[in-house]
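Beneath this line is the structure, given in structure tokens, with notes to follow.
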Amino acid sequence: MADADTANVCAQIIRSHFGQFISTVASTLLSRGRLSFPQLVRYSHLKPRTVRAAILVLVQHNILWHATSEDEGEVFEVNVDECLTRLRFGRYVWLAEQHFGTPGASIVQLVLDHGKLRPPDIMSRLAPQGSKESTVYAQALHGLVTLSYLKPSTLLSHISPRDKRIRYEAEEKAKITGFPTAKELRQASEAAAGRLKREEDEAEKVGLVISQKPKGHVSSRPSKASDDNVVDNDVHFRVNYDRFNIHIRNKLIEAAARERFNDGAALVLKATLKATESKQKTIAETRSDSTTAASISLQLEDDHALASGLVLNTRKPKDITLVKSYLSMLAFVDNPTSAGKASSFVSLIGSKVYVEFGIIASRLRRRVLEAVTRERHGDDGVRILRLLLDSGKVDEKQVSKLAMIAPKDVRPLLSAMSAESLISIQEVPKSADRNPTRMFYLWYVDLPKACSVLLGNLYKTLYNINVRKQAETEEASVKTVLDKRERSDVSQDEGLLTRNERETLREWESNIEKLTILEARVEEVVFILKDMGRLSNGEVD
């Protein structure tokens, strides 16, 4: 069951995409947790026929999980992550256009609009059989499936993984003899997660089939294995969000390098990410696969100006020399301390180059935390936050001494930051009676708690933005103009609108554009805190 802020924003997203009735069903599940069909009908106060139709729509769009309970039979549950990801659909379409052109963007947009589709359904809507564009769209669809931007929709993707993971953990714990230790429990949990991941990967190994060539056909040139595969027309495909999230993450990393160093460092890091992009499968990876400086130099753009960002003795240095200089800068080779490692973007092990996703993500989350602290508590609050992040648990006197802030100013500042969960307090009793007057009170930063509270505030902001969008659209004067614009004659010639109506329309479009930009910026921070904050086990570190 989602918390109140997450439930509100999810219900608002579903309402804006699917309407009031489906939003009522989803809101009931979000507020009450998993429910059976009779319970859902009773709590939503809707007709069974309406609830059944809403369930079909939500399942089609991958928002609803279903599971089998021993007590209640089949129950339904909202996939919160899937619902929140719908805010990035516009960016996914833009990324598809950047990598696959307009045909790829049209395919991705169509699949996002319908949840999941079979290849014949995609082709019939975009390029009917025999048209000139059919070959272009077929090639784009094959590329999207081959590179895993579209993945098969399987039965496992509609079943809540939580139940199966609990069952697998129980089976692994049953194998332990005697009283289980903490290490054995952790190993059982990891084994259950690995078993579930293998099942999902095995179920998704469909979608491409080997093309049947005529008997006696001999190819004049050797072909790759991917050239002999065609898209399976019987498989329903959905968008693989992880592939697009990788591009969003790489853009954020590139921007961070440009902000920290210069454009040349950002170009080299972009080429490094591009060299390992084919092997990046999920944003939960803490480190990229290895590459070399020679491979990175091959990925550089032709009109790059790397030499302008460095001071070198030679006039026309080679690309490989420039790349190695930038890699040394990004790896902080001149600072082999723990602080240098925590500030690095890449690591150099011999001739191999690795991008440190985990270190970069931690640094981006820390920057978000510092920005929020500076906005609410000023530079003194940021100084205390950095002190606690670097030093660990510290009492109030040490905070005042190390941060060089007067004791009379430290106590209210610590209390205010603690009230907002930016920092936490640890009680260490001097005696067994735990008398408050005989305790040490140590301050520290609980990162999971701080990120969780910030995420809740961001979800509340997203909800307010969506409500404001809806209010702007449902205003009487705006709604009248929008309804008039939907008429067939006005849609073809907007000159039929009066000057006041056109001004109202322009003002509404300007307001919606500003709110959409704000929503994209807030969602980017959510991506840093939530998606980039996940380890391989799906938890925020």
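The values are calculated or read from the model by the stated rules, or taken from the named source; none is laboratory data. Being a predicted model, the structure only gives us computed values, none of them experimental. Please note: Cβ atoms are built from the backbone with ideal geometry, for glycine as well, and neighbour counts cover all protein chains shown. Please note that ligands, DNA and RNA were not included when accessible areas were found on the heavy atoms of the full protein model with its side chains. Shrake-Rupley method; radii C 1.70, N 1.55, O 1.52, S 1.80 Å.
General observations
- Estimated purely from DSSP H runs of n ≥ 4, each contributing -39500 (n - 2.57), the mean residue ellipticity at 222 nm for the chain is -19500 deg cm²/dmol once divided by its residues.
- Around the Cα centre of the chain, unit charges on the Cβ atoms of Lys, Arg, Asp and Glu (plus for the first two, minus for the last two) sum to a dipole of about 920 debye.
- Value in Å of the Kirkwood radius, where region 1-128 supplies the Cα pairs that are averaged: 15.8 Å
- Whole-number D in µm²/s for region 299-383 (Stokes-Einstein; Kirkwood sum over Cα pairs; 20 °C, 1.002 mPa s): 139 µm²/s
- Principal semi-axes of the equivalent ellipsoid, √(5λ) from the alpha carbon gyration tensor of region 323-429, are 34, 14, 12 Å from largest down.
- Pairs exceeding a 27 Å alpha-carbon distance, out of Lys205/Lys270; Lys281/Lys460; Lys183/Lys274; Lys393/Lys430: Lys205/Lys270; Lys281/Lys460; Lys183/Lys274.
- Two-decimal log10 I(q)/I(0) for region 394-468, as the Debye equation yields it once each C-alpha is a single scatterer, q = 0.28 Å⁻¹: -1.19
- Largest first and in whole Å, the equivalent-ellipsoid semi-axes of region 377-523 read 56, 15, 11, each the square root of five times a Cα gyration tensor eigenvalue.
- For region 257-313, the C-alpha radius of gyration sits at 1.24 times the compact-globule guess of 2.2 N^0.38 Å, with N the residue count.
- Residues with amide H under 5 Å from that of Leu150, placed H, sequence gap 5 or more: Val145, Asn240
- Long-range amide H partners of Asn229 with built H, under 5 Å: Ser211
- The modelled label-to-label distance for the pair Asp163/Val230, using points 7 Å beyond Cα in the direction of Cβ, is 3.9 nm.
- Contact order normalised by residue count of the chain, Cα under 8 Å, 6+ apart, percent: 11 percent
- Considering region 420-502 at the alpha-carbon level, its Rg and Dmax are found to be 27.9, 83 Å.
- Farthest towards the positive end of the charge dipole of the chain, among the residues Asn245, Ser124, His114, is the Cα of Asn245, using unit charges on the Cβ of Lys, Arg, Asp and Glu.
- With DNA, RNA and ligands ignored, accessible area of Arg243 (1.4 Å probe; Å², nearest 10): 20 Å²
- Excluding exposed DSSP-loop GluC sites (Glu not before Pro) (at most 12 other C-beta within 10 Å), longest clean stretch of the chain: 71-300
- Rg of the Cα atoms in region 89-206, relative to 2.2 N^0.38 Å, amounts to 1.52.
- For region 463-523, the Kirkwood estimate of hydrodynamic radius, built from reciprocal distances between every pair of different alpha carbons, is 12.4 Å.
- Between the beta carbons of Lys401 and Gln129, assuming R0 = 56 Å, the FRET efficiency works out to 0.10 to the nearest 0.05.
- Convex hull volume per residue for region 61-153, taking Cα atoms only, in Å³: 102 Å³
- Expressed as a whole percent, the accessible area of region 449-535 that falls on carbon and sulfur atoms is 49 (1.4 Å probe).
- Shape index of region 282-334: Rg/Rh, with Rg the Cα radius of gyration and Rh the Kirkwood radius from the inverse mean 1/r over Cα pairs, equals 1.03.
- The chain - Debye-derived log10 I(q)/I(0), Cα point model, q = 0.11, 0.13 Å⁻¹: -1.31, -1.58
- Modelled spin-label separation between Glu301 and Gln470, with each label point placed 7 Å from Cα along the Cα-to-Cβ direction: 4.2 nm.
- Cα Rg, Dmax (largest Cα-Cα span) when computed across region 6-51, Å: 10.0, 28
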